[in-house]
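Only one structure is covered here, and it is reproduced in the block below.
The values are calculated or read from the model by the stated rules, or taken from the named source; none is laboratory data. Bear in mind the structure is a predicted one, so any value in this text is a computation, not a measurement. So basically every Cβ, Gly included, is an ideal-geometry build from the backbone, and we count neighbours across all protein chains shown. Ligands, DNA and RNA are excluded from the accessible area calculation, which covers all protein heavy atoms including side chains. Shrake-Rupley method; radii C 1.70, N 1.55, O 1.52, S 1.80 Å.
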Amino acid sequence: EELSYPTPNLWLVLGTQESALGLLPKLIKDKCRKEDIKPINGLSKSSVSKIVRRNLIGLNLPKNNDQTLELIRGLYSLTKGNPLHLHYTLVELKNRFKNKLVTDYSLNYLKPYDQNIETYYLNLWMGLSPVAKTFCLVISSVNFFFKRQYFFDLAGRLVRNPSDISRGFDDVLHLLLIKNEKISIYHESFKIFVLGQKEYAQQKSVIKMKIK
C-alpha cells in the first residue's frame, strides 16, 4: 500500500475524533505527524442559531424572540458549538419534552460538552442505570443494525422488569440511530467509548450468548 502526496494546490484532509486517532492505520500515522494535526473549531453562535431556528427536529420553540435568543445562548454555552454534542442535545430535548415548550430552563437537565466529547460520555455514563449501560453494550458489541422488535425481545431476556426496559432505552435514545425500525449507535466515537468500559469486559460473554 502507498500513500502518495497530493499534487500542488490539492490537499487531502482527513477528519476524525481525537479518540479515534489510535485506530488510524500505521501508514497514515507515519505520514501525518502529530504536530501537523490541527483541531477543527466548533460551530459559531450564529451557526447554532441557524440550526435551532430551522428546527428540523421539531422542538416546540418559544414564540417570543427574546426567549428563543436565551435558549440559543444556553445551547451554545452548553455545547461550545460542538456539532455532535449539539445533535445529542437537540435530540435529547425532543425525546424529553416531546411537544412541550422548550426554553433555556430546559437545559438544566442536560450534561455539558466540557471541551471534550469523551468527558461528556464519561459524565453521562456515570449517571446511567445498569440497564441503560447494558443496552449500550449490546448495541455497540455488534456490527449490524438490530431490528427493533428483535432488540426488545433480547432486552426482555436480559432485564426482568419491563418498566426498566423502557426507562433504560429512553435514557440513551439520543445516542442511537433509529432508521426503518432498525437500531444502531449514532456515532462511532460513542461505540469506541462503550467498548472501552470495564462493564463490557465483564458482560461481553453473557451478551454474546444472549444474542446468538
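One residue stands out among those in region 184-209 that are touching a residue at least 60 places away in the same chain (Cβ under 8 Å), over 16 Å from H174 (Cα atoms) and part of a helix (DSSP H, G or I): the one that is most open to solvent (accessible area, probe 1.4 Å), which is K208.
Looking only at region 59-97, which residues are within 15 Å of I117 (Cβ to Cβ) and in a loop (DSSP other than H, G, I, E, B)? Scanning region 59-97 gives K80, G81, N82. Figure legend. Inter-residue proximity from region 51-76: first residues within 10 Å of V102 (Cβ to Cβ), second residues part of a helix (DSSP H, G or I) and at pLDDT below 95, beta-carbon distance below 7 Å, spacing 6+ or different chains. No pairs are indicated.
For region 170-181, the condition holds for no residue, the condition being that it is of a type in the set (K, R), farther than 15 Å from P130 by Cβ, without any contact (Cβ under 8 Å) to a residue 60 or more places away in the chain and assigned to a helix (DSSP H, G or I). Cβ-Cβ distances below 9 Å connect the following pairs, each with a first residue in region 32-45 that is under 19 Å from I117 (Cβ atoms), a second residue that is surrounded by 10 or more Cβ atoms within 10 Å (Cβ to Cβ) and hydrophobic (A, V, I, L, M, F, W, C), and a separation of six or more residues or different chains: I37/L21; G42/V48; G42/L86; L43/I51; L43/L86. All conditions but one from (1) at pLDDT 95 or above; (2) more than 23 Å from L124 (Cβ to Cβ); (3) open to solvent by 100 Å² or more (accessible area, probe 1.4 Å) apply to E35; the one that does not is (1).
Within region 170-183, the set of residues being over 11 Å from the mean Cα position of the chain (by Cα), open to solvent by 10 Å² or more (accessible area, probe 1.4 Å) and of a type in the set (A, V, I, L, M, F, W, C) comprises I178 only.
Out of the residues in region 44-69 meeting the condition of being among the aliphatic types (A, V, I, L, M) and within 22 Å of L84 (Cβ to Cβ), tell me which one is nearest to the chain's Cα centre (by Cα). In this case the residue turns out to be I57. Would you check if there is a residue in region 112-132 being open to solvent by less than 50 Å² (accessible area, probe 1.4 Å), at pLDDT 95 or above and not in a helix (DSSP H, G or I)? Scanning region 112-132, I find at least one residue that is open to solvent by less than 50 Å² (accessible area, probe 1.4 Å), at pLDDT 95 or above and not in a helix (DSSP H, G or I), so the answer is yes. The residues listed here are S166, S141; of these, the one that is under 18 Å from K94 (Cβ atoms) and out of contact with any Ser or Thr (no Cβ under 9 Å at 6 or more places or on another chain) is S166.
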